[in-house]
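Participant: Here it is, the structure, as structure tokens.
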Amino acid sequence: MTEGDQDILLATKKGKAVHFSEENVRPTGRVSRGVKGISLREEDEVKDAVVVEKDGSLLTITSKGYGKRTLFGRYRKTKRGGKGIINIRLSLRKGEVIGIKKVRKKVGEEDEVIVITQKGKIIRLAAKGISAMGRNTSGLRIIRLDEDDKAIALT
């Protein structure tokens with residue numbers, strides 16, 4: 001739910017993100033196709049969307065257990081429908097983005113996330129324990145996974 005004048009950030013599994021104003025999205029009917037948020041490259045898909053918080057940060061986790069937090073201020077605002085900018089630098093060793101979450105910056109507010117793996121391992125992490133990094137970085141290992149396991153969900 002939004003208030004009509006907020007900013008939205010969309011993230012894709014191939015590590016791209018677009019940050020745009022909600023005012024650029026025209027109202028449509030229930031049966032319409034909507035409007036384009038981001039132009040996707042081949043074999044890419046939108047993984048998640050968050051409402052941008054001025055003093056917050058974006059937590060990104062990959063399928064191979066890597067992740068990072070990045071301040072929303074590091075994502076320049078663009079028009080919706082663009083190809084996006086780098087959210088996280090990916091490689092075969094890092095995997096693909098499985099999800100993003102908004103993390104509050106205010107002291108005393110403890111945000112936690114849960115990462116679920118394909119083999120059923122569940123890990124709860126304090127967001128403040130995940131390093132804050134720049135937008136164009138690859139992140140650090142958040143969870144250690146077996147060779148044949150991968151992270152599949154972030155809540």
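Residues are listed down the side, and each one gets a yes or a no for (1) in contact with a Lys or Arg (Cβ under 6 Å, 6 or more places away or on another chain); (2) not small (Gly, Ala, Ser):
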{"site": "Ser32", "(1), (2)": "no, no"}
{"site": "Arg41", "(1), (2)": "no, yes"}
{"site": "Glu45", "(1), (2)": "yes, yes"}
{"site": "Tyr66", "(1), (2)": "yes, yes"}
{"site": "Ile123", "(1), (2)": "no, yes"}
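Participant: Looking at the stretch 9-28, is at least one residue touching a residue at least 60 places away in the same chain (Cβ under 8 Å), among the small types (Gly, Ala, Ser), surrounded by 11 or more Cβ atoms within 10 Å (Cβ to Cβ) and assigned to a loop (DSSP other than H, G, I, E, B)?
Facilitator: Looking through the stretch 9-28, at least one residue is touching a residue at least 60 places away in the same chain (Cβ under 8 Å), among the small types (Gly, Ala, Ser), surrounded by 11 or more Cβ atoms within 10 Å (Cβ to Cβ) and assigned to a loop (DSSP other than H, G, I, E, B).
Participant: Let me ask another. Scan the stretch 57-71 for residues that are surrounded by fewer than 21 Cβ atoms within 10 Å (Cβ to Cβ) and over 14 Å from Ala151 (Cβ atoms) and report the count.
Facilitator: 1
Participant: Quick one: how many residues across the stretch 133-147 are out of contact with any helix residue (DSSP H, G or I) (no Cβ under 8 Å at 6 or more places or on another chain) and either free of Cβ contacts under 8 Å to residues at least 12 places away in the same chain or under 21 Å from Leu58 (Cα atoms) (or both)? Can you show your working first?
Facilitator: If we filter the stretch 133-147 for residues that are out of contact with any helix residue (DSSP H, G or I) (no Cβ under 8 Å at 6 or more places or on another chain), which is where we start, we get 133, 136-147.
Cutting the leftovers down to either free of Cβ contacts under 8 Å to residues at least 12 places away in the same chain or under 21 Å from Leu58 (Cα atoms) (or both) gives us 133, 136-143, 147.
Summing the residues that are out of contact with any helix residue (DSSP H, G or I) (no Cβ under 8 Å at 6 or more places or on another chain) and either free of Cβ contacts under 8 Å to residues at least 12 places away in the same chain or under 21 Å from Leu58 (Cα atoms) (or both) in the stretch 133-147 gives 10.
Participant: Only one of these is within 20 Å of Gly37 (Cα to Cα), at pLDDT 95 or above, surrounded by 13 or more Cβ atoms within 10 Å (Cβ to Cβ) and of a type outside the set (A, V, I, L, M, F, W, C): Gly81, Gly95, Gly99. Name it.
Facilitator: Result: Gly99 is the single residue among Gly81, Gly95, Gly99 that is within 20 Å of Gly37 (Cα to Cα), at pLDDT 95 or above, surrounded by 13 or more Cβ atoms within 10 Å (Cβ to Cβ) and of a type outside the set (A, V, I, L, M, F, W, C).
The values are calculated or read from the model by the stated rules, or taken from the named source; none is laboratory data. For clarity, every value in this text was computed on a predicted model and none was experimentally measured. FYI the Cβ positions are ideal-geometry reconstructions off the backbone, even for glycines, and counts take in every protein chain you see.
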